[in-house]
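Here's the structure we're looking at; comments come further down.
Computed from the coordinates by the stated procedures, all read-outs in this text should not be read as laboratory data. The structure displayed is predicted, hence computed values, not measured ones. Ideal geometry is used to build each Cβ from the backbone, glycine not excepted, and the neighbour counts take in all protein chains shown.
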Amino acid sequence: MAKKNFSFTDIVKTDDDKNKRINVINLTPEELIENKKNNYELSDIEQLADSIEQLGLLQPLLVKKVSSDKYEIVAGHRRFNAIKKLISENRINNNYEILSKIIDEDENKTITGLKLHETNMQTRSLLKLPEEEKLAIIEDYMNLLKQAKEQGIKLNGKPIKGKTRDIIAERFNIGARTASRLIAKTKEKEEGVPNGTPPENSSSTINKLNKIIKQVEKLEFDDSEEEIELKEKLISLLK
């Protein structure tokens, strides 16, 4: 078996290399905000909520301080939403405090981004995700790898080396051919973005359009020819 380029353990070790401590504290849901760049679907929340209700929070969230009283979630979005669900349903106290590990607020943003992906990879299969979500994740990961190489970031004392295709195949546990296909589709999507529109916003635009389509499909009409035609035109336009 080929030796892996790097792992989540290696990324965490960068804190140790700089002699930085990771503090563990309890935070309220109001003190936590979700990372807007998290493209991973929040699935199986009910099942996770049941587990937390019965066994408690077994793994702390990984967070980063962004203001005097707010912490951004780096890893643990599903756990956070499961806890919010339990509170909203009065299944746990509304003053429930969430165990969280605080990483250094000066940590390189590229390292933080890689941590987000590494933790999500442990609980999700990329190939089971919707196509738009897969492409958004691959796009973001490719950008982070490029930034890491340009910045000369070292993980476990070693620079990140290897072809992007091979690293993606290894990290997401997919075949090299599948990785190449996803990379090609991501590049096609980027080329299709209008001038002046940041590529990182394309995935969120697609998601918003898909939500609008679902809302239009749920509209109730009187079944007149004019209204049916209008509905078809709206759905066609949004697609």
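State the dimensionless ratio Rg/Rh of the range 142-192 (Rg: radius of gyration of Cα atoms; Rh: Kirkwood radius).
A ratio of 1.02.
Only Lys, Arg, Asp and Glu count, each charged at its Cβ (+1, +1, -1, -1), so figure out the dipole size of the range 22-90 about its Cα centre, rounded to 20 debye.
Computed charge dipole of the range 22-90: roughly 360 debye.
Multiplying the sequence separation of Asn108 and Lys187 by 0.36 nm and subtracting their Cα-Cα distance, what value in nm do you get?
That pair, Asn108 and Lys187, stretches by 25.9 nm at full extension.
What is the dipole size for the range 35-155, taken about its Cα centre, with +1 at each Lys and Arg Cβ and -1 at each Asp and Glu Cβ, in debye to the nearest 20?
220
Any chance you could check the Cα centroid distance between the range 113-144 and the range 34-85 for me, in angstrom?
17
Could you order peptides 64-77, 39-52 by the average number of other Cβ atoms within 10 Å of their residues, highest first?
The peptides rank, most packed first, as 64-77, 39-52.
Anything over 28 Å Cα to Cα? Flag those among Lys70/Lys149; Lys37/Lys146; Lys109/Lys158, in the order listed.
Result: Lys70/Lys149 exceed 28 Å.
Do you know the relative contact order of the range 99-182, to the nearest whole percent, from alpha carbon pairs under 8 angstrom that are 6+ apart?
27
Normalized C-alpha radius of gyration of the range 100-194, against 2.2 N^0.38 Å?
Relative to the rule-of-thumb radius for its length, the range 100-194 sits at 1.12.
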